[in-house]
Protein chains: 2
Amino acid sequence: MKNCLVAQSGGPTSVINASAVGLYLANKENGHFDKVLAGLNGIEGVLREDFFDMSELTDEEVELLRTTPSAGLGSCRYKLKDSTVNKEEYEKLFDIFSRHSIDSFFYIGGNDSQDTVKKLSAYAKENGFDVRINGIPKTVDNDLMVIDHTPGFGSAAKYIATSVLESYLDSLVYTNNGIFIVETMGRDAGWLAASACLARYNGRQCADFILLPEVPFDEAAFAAKVKETFEKKNHVYIVASEGVKYPNGDFLAATKAQSHDSFGHAQLGGAGNAIKAIIEANGITKRIKVLELSVLQRCAFHAVSEVDLEESGKLGKTALELAAAGETGKVAILVRESDEPYKVNFTSTDAANIANKVKYFPAEWVTPDGFNIKEEALSYFVPLAGKMPEYRVIHKYHNM
Amino acid sequence: MKNCLVAQSGGPTSVINASAVGLYLANKENGHFDKVLAGLNGIEGVLREDFFDMSELTDEEVELLRTTPSAGLGSCRYKLKDSTVNKEEYEKLFDIFSRHSIDSFFYIGGNDSQDTVKKLSAYAKENGFDVRINGIPKTVDNDLMVIDHTPGFGSAAKYIATSVLESYLDSLVYTNNGIFIVETMGRDAGWLAASACLARYNGRQCADFILLPEVPFDEAAFAAKVKETFEKKNHVYIVASEGVKYPNGDFLAATKAQSHDSFGHAQLGGAGNAIKAIIEANGITKRIKVLELSVLQRCAFHAVSEVDLEESGKLGKTALELAAAGETGKVAILVRESDEPYKVNFTSTDAANIANKVKYFPAEWVTPDGFNIKEEALSYFVPLAGKMPEYRVIHKYHNM
């Protein structure tokens, strides 16, 4: 008996289940493992031996799971301590692996989860356990090193850009329009906010401003440019990442009470309202709306990117093939060959290259004033989101 | 030369343009009017003679306009005063109608806009102007009298229910889950919040609570029931209308600064945060997320209800036929014949039956404790939203 175990960790995405199903279906085809076990609630559930055999699912259930958002196996935010600190936990895990004939463990997650892959695979090697530990990438934040883009990001980008386009049209219907602010996720990296560059109307980008955590926020310059834009167009559309920071590193949202999650990250929220307060304080207008996309950007499967869905499944398959080839401590990744026609290759990298690291939005794609994204970034985003809605309105404010 | 004029008023919807296009295409077929003129920014633009001939649009542009959310002709929140107060405005309007050979004016809007239809048609009759004034209904709020449901509502309901279902799945992934609150639009009537009853999982409704403006909010009973539900399930999902009120009529959101729009309506926001504060004050949990769907619920055409889109076009056609038959002071409406198979008839009612009136959510569809919607309301909602996504997850918290 030679089984494998797959589990999900961290925040949900629209396509995290597609990776688990991709792995399961690839194994069904090549029969490398006798059973694909699914661990519930990530490493937390694995430690409780809370898992089940995926072959218990009907074909219809498997297909429904593939096309369901959010972590269908449950998730956790449990950070495995170093094996020198909590050796018992490692011993317990490998005892569980042994008793359930688990030859390979796959962890689907972001840079924290790939740290778990790194630690477990190192521990296995050091202690002579013949168990392969490999990772499958996942995060809407798109902030993993090495990989061209992360599964989950394309769907989030499509949802954000679609919502920006639709709320842009909504914000322009009166003769006397105000300022509209959309806040996206993105604590450290601005990829999600930047994906708003996909929202285009009449050949131009909807957002007048796209604010990223990577660009220190110059409040005076921002207020001056908002004022100028509002005076010219009687309307301003602003996209802001939740993680926008002042030059001293303080989050704009820092006036809000901050708590910390179990990974020690500050829990943010409120950058949009902070920007609203700045605009009001500068006397520009009081007609300001703030929209926080909140969790919808990571779970809105109804607007899934087909490319993202397909790639997520293929990354599950790639991880299975890595394990079958005897690899351990690796993460399945994709590398872009070309933008148009869009082409990626599926390969792998050491988990150490991804664990705990952050891939920031490239400085060369930010406009010189720091307030927007250059046109040349579009070719990166376009294939990831796939087909966007096309709209047409007549009233003259759209000819700006 | 015999022309007609169509304009849009009030808040945008996903399908308001489909009504204008439905009217235009019906006229293209029957040739009743020489030109269909489109007024920009509602009655405000009409008073500026800001309109254009819709036949200037290519077939492709017409089809794009039909499938574009938000008021594609621009909108306004201009309330026409009584003709005894501002006779000049009425004289100016009918002079414009006369100079542009406008035989019929169509106003697409909610209960405020239908008040304009009522006033203008009465003024025309009293002053011997041979101009027909008719209305086409529109509002995501679904709060118009007589009509079975309003164009725009079905798409909003589908978007809300889809977002509730997806954020419900998102809110359940951990072993230690918190409380999730979604705030919908709905100042006076709870139809939008109630449409969350369409979000179902494993044969049951996702929302543990659906709070409507029509049901006086019993804070103590609410806190007790939230506590009980959270202790039982370690998770509570709450949908709240922005207009939820205390028994004395105060909005829960009233602690927030209130402004008023030009119709004298209080501009609300913050019921979700008010509920969060109540839950915290009762020491139930601090793990609470609030999601305000904001303008997305009225402009998310990417999740349009096909039924809603089709009916909106047919109501435009119905209004054209009313005018062609010499009617004035009417509003095109639809009457439901049956739920299953779903069947509606297109007819009309006097604008006076709709103007300034509000259709509240029926008390008999509210559960006895006032905290949810009865199952029997489902058959009303199901055909309006159309096909909802179907999802499947495995982790045990979904078997609750």
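How much length would be gained if the chain were fully extended between A:K387 and A:K87, taking 0.36 nm per residue of separation minus their Cα-Cα distance, in nm to one decimal?
Length difference between fully extended and current span is 103.1 nm.
Between the alpha-carbon centers of segment A:152-200 and segment B:277-322, tell me the distance in whole angstrom.
With segment A:152-200 and segment B:277-322 each reduced to a Cα centre, they are spaced 18 Å.
For segment A:341-349, what does the Karplus curve 6.51 cos²θ - 1.76 cosθ + 1.60, with θ = phi - 60°, yield as ³J(HN,Hα) per residue in whole Hz, taken in order and with x for Gly and Pro?
Once θ is set to phi - 60°, the couplings for segment A:341-349 become x, 5, 8, 10, 10, 9, 8, 8, 9 Hz.
Using a 10 Å cut-off around each Cβ, can you sort B:M54, B:M388 from fewest to most neighbouring Cβ atoms?
B:M388, B:M54
For B:T184, what residues show an amide H to amide H distance below 5 Å, using hydrogens built from the backbone and excluding near sequence neighbours?
The list, which skips near neighbours in sequence, is B:A240, B:S241, B:E242.
From other protein chains only, count the Cβ atoms within 10 Å of every residue's Cβ in A:158-170, then give the mean.
Across the residues of A:158-170, the mean count of other-chain Cβ atoms within 10 Å is 5.
Pull up the DSSP beta bridges for chain B and report the antiparallel fraction as a percent, rounded to 5.
If we restrict to bridges inside chain B, about 35 percent are antiparallel.
Sort B:H100, B:H235 so the one with the fewest other Cβ atoms within 10 Å of its own Cβ comes first.
By the 10 Å Cβ count, ascending, the order reads B:H100, B:H235.
Check each of the trypsin sites (Lys or Arg not before Pro) in segment B:322-400 and keep only those in coil by DSSP with at most 13 other C-beta atoms within 10 angstrom; list them in order.
B:K374, B:K387
Which order do peptides B:213-221, A:210-218 fall in by mean Cβ count within 10 Å, highest first?
So the peptides B:213-221, A:210-218, ranked by packing, come out A:210-218, B:213-221.
In nm to one decimal, list the spacings between the A:D53 label point and its equivalents in the other copies, with label points set 7 Å along Cα to Cβ, shortest first.
Result, one decimal in nm: 7.5.
For Cα pairs less than 8 Å apart in space and 6+ apart in sequence, what is the mean separation divided by the residue count of segment B:33-142, i.e. the relative contact order in percent?
22 percent
Which distances in nm, rounded to one decimal and ordered from shortest, link the label point of A:V358 to the equivalent label points in the other identical copies, with labels set 7 Å from Cα toward Cβ?
4.6
Assuming R0 = 51 Å, what is the FRET efficiency of B:E376 and A:E126, from their Cβ-Cβ distance, to the nearest 0.05?
The value I calculate is 0.20.
Which lysines have a Cα less than 19 Å from the Cα of A:K387, not counting those fewer than 8 places away in the same chain?
Leaving aside lysines fewer than 8 places away in the same chain, those within reach of A:K387 are A:K158, A:K343.
Between segment A:113-142 and segment B:52-102, what is the separation of their alpha carbon centroids in Å?
64 Å
Could you name the lysines in cross-link range of A:K245, using Cα to Cα under 20 Å and dropping any fewer than eight places away on the same chain?
A:K225, A:K256, A:K276, A:K357, A:K359
Rounded to two decimals, what ratio of Rg to Rh does chain B give with C-alpha atoms and a Kirkwood Rh?
1.02
Sorted from shortest, what are the nm distances separating the label point of B:K227 from equivalent points in the other copies, each placed 7 Å from Cα along Cα to C-beta?
Going from nearest to farthest copy, the values are 5.2 nm.
Given segment B:72-221, what percent of its DSSP beta bridges are antiparallel, to the nearest 5?
The antiparallel proportion sits near 25 percent.
Give the separation of the Cα centroids, segment A:343-375 to segment B:343-394, in Å.
First find each Cα centre; the distance between them is then 47 Å.
Can you put A:Y168, B:Y246, A:Y391, B:Y107 in order of Cβ neighbours within 10 angstrom, beginning with the fewest?
B:Y246, A:Y391, A:Y168, B:Y107
DSSP beta bridges in the protein assembly as shown, what fraction antiparallel, as a percent rounded to 5?
Once the DSSP bridges in the protein assembly as shown are tallied, antiparallel ones form about 35 percent.
If you place +1 on the Cβ of every Lys and Arg, -1 on the Cβ of every Asp and Glu, and leave all else neutral, what size is the dipole of segment B:100-215 about its Cα centre, to the nearest 20 Debye?
Dipole of segment B:100-215, to the nearest 20 debye: 200 debye.
Calculate the spin-label point distance for B:E63 paired with B:K286, positioning each point 7 Å from the Cα along the beta-carbon direction, and give it in nanometres.
Roughly 5.7 nm, to one decimal.
Rounded to the nearest 500 deg cm²/dmol, what is the calculated helix-only ellipticity per residue at 222 nm for the protein assembly as shown, with -39500 (n - 2.57) per DSSP H run of length n ≥ 4?
-10500 deg cm²/dmol
Which whole-number percent is the relative contact order of chain A (Cα, under 8 Å, 6+ apart)?
Relative contact order comes out at 22 percent.
Every number in this text was worked out from the coordinates using simple rules, so none of it is lab data. Nothing here was measured: the structure is a model prediction, and the numbers come from that model. Cβ: placed from backbone, ideal geometry, glycine included. Neighbour counts: every protein chain shown.
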